[in-house]
Amino acid sequence: MLADLVLYNAKIYTPEGMIEAGVAVDDGRILKIAKKTNLPQASTRLNIRGQTVLPGLIDPHVHLRDQQLAYKETFFSGTATAAAGGVTLTIDMPNNKPVTMSTKSLKERMKLAETRTVVNIAFHSAFPETLEEMSQIVEQGAVAFKLYLSQKIGGLDIDDDDAVVRAFSRAREMKVPVAVHAEDRETLENVKTEMLQAGRGDLEAYLKVHSPEAELKAIQRTIKLAKKTSTHIHFCHVSSAEGLKAILTEKNRGLAITCEALPHHLLLSSKDLKRWKTVTLTDPPLRTEEDVKALWTAFKQGLIDVLASDHAPHTVEEKESEFIWNVKPGIPGLETMLPLLLTQVNEGRLTLASLIRASSKKPAEIFHIKDRGSLTEGFYADFVVVDMKQKYRIDSSKFHSKAKHSPFDGWMVKGKPTKTFVNGHLVMDDGEIIAKPGTGQIIHGRQYKS
């Protein structure tokens, strides 16, 4: 038979480990992984010249903006920056304008994305005004619900424990996880009021508001409520040692919990925040070096499930203000995540196996993304070719994202994505986006396949 595509002379990371082989792709799926002589003939053949082929990253924490926030990012610019970073599937967060929190708003967002994306995209939804609509939202294709405990986003009263338990129970019935932003709203607002009354608008004031205690309190509350329902809770961007400890204690007791860490919480600390100031501002903020060490220890032990970017684009102007409460928190991370992590692999701080587990395999499992996240025959042909030896400096002015800033600007990294394939199509080649908008697919939840 004649396959659509064959890559040969490659190092391929399979579930069994690294092998020197090639991969054949047909009709968007991986047809065969084998030595060159055992691969079929193909319409297109590419010599990878000894580079490494990895599963495309699945990033479950991405803010793609668009709609009324298109000045920050669009589905095209956001997925283009994903492709440049070797990310083949993004899961979009719901704090958009309008908020994704109903069948109608999710459907509208999906319709826009259909013609604008160059990588695959799935969607989180906030909880709707009436919990009865949750089943329709899942049927429409949402892979998870997102609960913000720092502020009300969506229709759920986040201060009402009974309402949260009912929402958790409905999610469990539909077998979809609930992703949680764990910062306690009351704690944040009370301390912020104190800071404002004292005339404080500095970075130190921000750290006092968004404290480890606020994270821990929200985690403890979530765990208490989750125990009543056995809902799968996925804690987003865990940043503190104490918060992590609370999560791992309950994981060890068998509670259905997973958690994620972000590159900037692993590679930067509050010292960097004070040095580089508002460009590094994010929620939760950068923590102490002791917190960073705790995250690394847990990750190396396989206790942190997912590495995500929390790609949160803002304009340069929105990141600059002398008054900290006027600064938009968030870091664009889709284009830097993989190079930063490959650098850690090259330096021996991280294994390739743990990187793939946390950035491809586990996200697919947690969010029930079928036939993706692994280089396996029969799975979709979503993969990234990387040059493990190539060194270069991160230059945020060249990002495909509209957000031309990064706390990693100027960092020397070793390990560069050179080609990204989505559903068997080459979408990024040596930093250039060559696919047309609409190449990416809308990925639906596990109960309702498209």
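The values are calculated or read from the model by the stated rules, or taken from the named source; none is laboratory data. Since the model is a prediction, treat every value here as computed from it, not as a measurement. As a convention, Cβ positions derive from the backbone with ideal geometry for all residues, glycine included, and neighbour counts pool all protein chains shown.
Below, the figures for the structure above:
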| item | result |
| --- | --- |
| Hits in segment 148-194 (condition: touching a Gly at 6+ places or on another chain (Cβ under 8 Å) and within 25 Å of residue 240 (Cα to Cα)) | 148, 182 |
| Pairs, first assigned by TED's automatic domain parsing to the domain that holds residue 94 and among the hydroxyl-bearing types (Ser, Thr, Tyr) in segment 297-319, second assigned to a helix (DSSP H, G or I) and buried (at least 19 other Cβ atoms within 10 Å of the Cβ), C-beta under 8 Å, six or more apart | 309/263; 309/337 |
| Residue within segment 393-402 that is among the acidic types (Asp, Glu), under 24 Å from residue 69 (Cβ atoms) and more than 19 Å from the chain's Cα centre (by Cα) present | no |
| Residue within segment 59-73 that is assigned by TED's automatic domain parsing to the domain that holds residue 427, part of a strand (DSSP E or B) and surrounded by fewer than 20 Cβ atoms within 10 Å (Cβ to Cβ) present | no |
| Tally of residues being basic (Lys, Arg), under 23 Å from residue 7 (Cβ atoms) and in a strand (DSSP E or B) across segment 367-416 | 3 |
| Subset of segment 389-399 that is surrounded by fewer than 22 Cβ atoms within 10 Å (Cβ to Cβ) and either of a type in the set (S, T, N, Q) or touching a residue at least 60 places away in the same chain (Cβ under 8 Å) (or both) - its residue that is nearest to residue 271 (Cα to Cα) | 396 |
| Any hit, segment 164-181, residues being under 25 Å from residue 322 (Cα atoms) and either not aliphatic (A, V, I, L, M) or not in a helix (DSSP H, G or I) (or both) | no |
| Helices (runs of 4 or more DSSP H) fully within segment 201-301 counting 3 or more residues that are in contact with a helix residue (DSSP H, G or I) (Cβ under 8 Å, 6 or more places away or on another chain) and closer than 16 Å to residue 180 by Cβ | 212-226, 241-252 |
| Filtered residues of segment 305-321 (kept if in a loop (DSSP other than H, G, I, E, B) and in contact with an Asp or Glu (Cβ under 7 Å, 6 or more places away or on another chain)) | 305, 308, 309, 313 |
| Number of the condition not met by residue 194 [criteria: (1) among the acidic types (Asp, Glu); (2) outside any loop (DSSP other than H, G, I, E, B); (3) within 25 Å of the chain's Cα centre (by Cα)] | (3) |
| Residue count for segment 100-111, restricted to those that are hydrophobic (A, V, I, L, M, F, W, C), part of a loop (DSSP other than H, G, I, E, B) and in contact with a helix residue (DSSP H, G or I) (Cβ under 6 Å, 6 or more places away or on another chain) | 0 |
| Among the candidates 151, 197, residue that is surrounded by fewer than 20 Cβ atoms within 10 Å (Cβ to Cβ), without any contact (Cβ under 8 Å) to a residue 60 or more places away in the chain and under 23 Å from residue 312 (Cβ atoms) | 151 |
| Top-ranked residue in segment 2-23 [being among the charged types (D, E, K, R) and in contact (Cβ under 8 Å) with a residue 40 or more places away in the chain; ranked as nearest to residue 55 (Cα to Cα)] | 11 |
| Within segment 334-359, considering residues that are part of a helix (DSSP H, G or I) and in contact with an Asp or Glu (Cβ under 9 Å, 6 or more places away or on another chain), the one surrounded by the fewest Cβ atoms within 10 Å (Cβ to Cβ) | 357 |
| Any chance residue 165 is closer than 24 Å to residue 62 by Cβ and either surrounded by fewer than 20 Cβ atoms within 10 Å (Cβ to Cβ) or among the hydrophobic types (A, V, I, L, M, F, W, C) (or both) | no |
| Among the residues listed as 36, 97, the single one being more than 18 Å from residue 383 (Cβ to Cβ) and among the basic types (Lys, Arg) | 97 |
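The rows are residues; the columns are (1) assigned to a loop (DSSP other than H, G, I, E, B); (2) at pLDDT 95 or above; (3) over 27 Å from residue 338 (Cβ atoms).
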position	(1), (2), (3)
80	no, yes, no
90	no, yes, no
98	yes, yes, yes
113	no, yes, no
123	no, yes, no
133	no, yes, yes
139	no, yes, yes
151	yes, yes, yes
